[in-house]
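See below for the structure under consideration.
The values are calculated or read from the model by the stated rules, or taken from the named source; none is laboratory data. Fair warning: this is a prediction, and the values are worked out from it, not measured in the lab. Every residue, glycine among them, receives a Cβ derived from its backbone with ideal geometry; neighbour counts consider all protein chains shown.
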Amino acid sequence: MKSWGRAITATGLLLVTTFVLAQGPNRDLGNQFPTTPSPSQGPGSAGAISLDVNLVNLDVVVIDKNGNPIGGMEKKHFKIFDDNVEQTITNFTTVEAPLTVVAVVEFTQLGNYMSNIYQSVGGFIASLRDNDWAALVAYDIHPTLITDFTKNKGQVIAGLNSLRNPTTSETGFFDAVYDTLQKLDKVDGKKAIFFVSPGIDSISRHTYGEALKKAQASDTMIYGISMTQLYRLYHPNLRSDLEIELLAADNQLTQFSLATGGTTFLPKFDTEYPAIYEAMNHQLRNQYTLAFIPTNQKKDGKFHKIRVVVEDLDVNHDGKPDGLKAHTRQGYYAPKS
């Protein structure tokens, strides 16, 4: 077990015993995740389009210098570069579709901030719309499906409230990233993973590099709320090796978000959560979907870096450009023959 686990054993066990005892999650993650849904029943089905295999789709968020999502942009305002070669935008839409979201929470004895996890996940789920789909996954050594995809937000909250009495301090964060992304590969539409986690890993089968490559190849955005700031708040005099481990964990969670076009937040206080839900919802709702057929059609399996540039307009009409930037996933892997 890593230094993080050793340092929290005494305080973590003391706090964990204050929760009501109940059985922990089972281990059958994935059996209930849907395959590509039927048009009338499954998550993400509304507005799903079957596209040519060579078409690269991008969900793009435009923000101003203050971090506010910007709507009302047109196709002419965007440029796409594939490995620094400009591409022709073949598809452009601003149609809003229901979201398919998986909330993934760490459920271990590290969680002396469990009440903060309940608040952050519960608040985000409550902010979803009636036609959005949500599922809940908890992970310790393994990721485990707690609540399958549903439009009933109460079922997800009930699943969250069922998490009691974590039994281990080991955490398979990279496996949770990899496995959840793999399940969402089977779902169409606008998709996101909402991680509430410190980003620490001690026991995964997959490496950080493997999980990051999976994120880079995915069309699912990863958003994260890091719990490391709260840990620092509870333990103000950390050893230097623990501080280094926390900094590395923050970077890992952030890199997964950046790879997919999402965002990681580092809150220190409960009062920051409402603003985080609002920012996540605004980003997920105010997206542009762009697509292009790469001019480089080599089937070599190599990673292609994508850059989307948006024209810096004066959207608030104060006579000055508003520092507009486009956020999307960092790239894609070409098919391999």
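For beta carbons closer than 8 Å, sequence separation of 6+ or different chains, a first residue in the stretch 315-330 that is closer than 26 Å to D82 by Cα and a second that is small (G, A, S), the qualifying pairs are H327/G261; T328/G261; R329/S218; R329/A259; R329/G261; Q330/A259; Q330/G261.
Restricting the first member to the stretch 114-126 and to residues that are in contact (Cβ under 8 Å) with a residue 40 or more places away in the chain, and the second to residues that are among the hydroxyl-bearing types (S, T, Y) and in a helix (DSSP H, G or I), the beta-carbon pairs closer than 8 Å and six or more apart or on different chains are Q119/Y273; S120/Y273; G123/Y273; G123/Y277; F124/Y277. Residues in the stretch 261-309 that are farther than 24 Å from D130 by Cα and among the acidic types (D, E) were compared, and the one that is farthest from the chain's Cα centre (by Cα) is D300. Among the conditions (1) of a type outside the set (D, E, K, R); (2) touching a residue at least 60 places away in the same chain (Cβ under 8 Å); (3) surrounded by fewer than 23 Cβ atoms within 10 Å (Cβ to Cβ), the only one that Y208 does not satisfy is (2). Of all residues in the stretch 298-327, those satisfying the criterion of being within 18 Å of L212 (Cα to Cα) and in contact with a helix residue (DSSP H, G or I) (Cβ under 9 Å, 6 or more places away or on another chain) are F303, H327.
Does the stretch 82-94 contain at least one residue that is at pLDDT below 90, over 21 Å from I225 (Cβ atoms) and surrounded by 18 or more Cβ atoms within 10 Å (Cβ to Cβ)? No, the conditions are met nowhere in the stretch 82-94.
Listed by first and then second residue, the pairs linking a residue in the stretch 61-83 that is touching a residue at least 24 places away in the same chain (Cβ under 8 Å) and over 16 Å from L290 (Cα atoms) to a residue that is assigned to a loop (DSSP other than H, G, I, E, B) and charged (D, E, K, R), with Cβ atoms under 6 Å apart and 6 or more places separating them unless they lie on different chains, are D64/D322. Looking only at the stretch 221-237, which residues are surrounded by fewer than 20 Cβ atoms within 10 Å (Cβ to Cβ), over 23 Å from H282 (Cβ atoms) and in contact (Cβ under 8 Å) with a residue 12 or more places away in the chain? Correct list: R232, L233, Y234, H235. Listed by position, the helices (runs of 4 or more DSSP H) enclosed by the stretch 165-278 that each have at least 2 residues that are over 20 Å from T144 (Cα atoms) and at pLDDT 95 or above are 208-216, 240-260. The residues of the stretch 286-337 that are of a type in the set (S, T, N, Q) and under 17 Å from F78 (Cα atoms), listed by number, are N286, Q287, T289, T328, Q330.
Scanning the stretch 143-191 for residues that are surrounded by 18 or more Cβ atoms within 10 Å (Cβ to Cβ), in contact with a strand residue (DSSP E or B) (Cβ under 8 Å, 6 or more places away or on another chain) and among the hydrophobic types (A, V, I, L, M, F, W, C) yields L145, I146, F149, V156, L160, L163, F173, A176, V177, L181, L184, V187. The single condition among (1) out of contact with any strand residue (DSSP E or B) (no Cβ under 6 Å at 6 or more places or on another chain); (2) crowded, with 21+ Cβ neighbours inside 10 Å; (3) β-branched (V, I, T) that V137 does not meet is (1). Summed over the stretch 117-154, the residues that are closer than 17 Å to T171 by Cα and hydroxyl-bearing (S, T, Y) give a count of 2. Taken together, the residues in the stretch 279-314 that are part of a loop (DSSP other than H, G, I, E, B) and either of a type in the set (A, V, I, L, M, F, W, C) or in contact (Cβ under 8 Å) with a residue 24 or more places away in the chain (or both) amount to 12.
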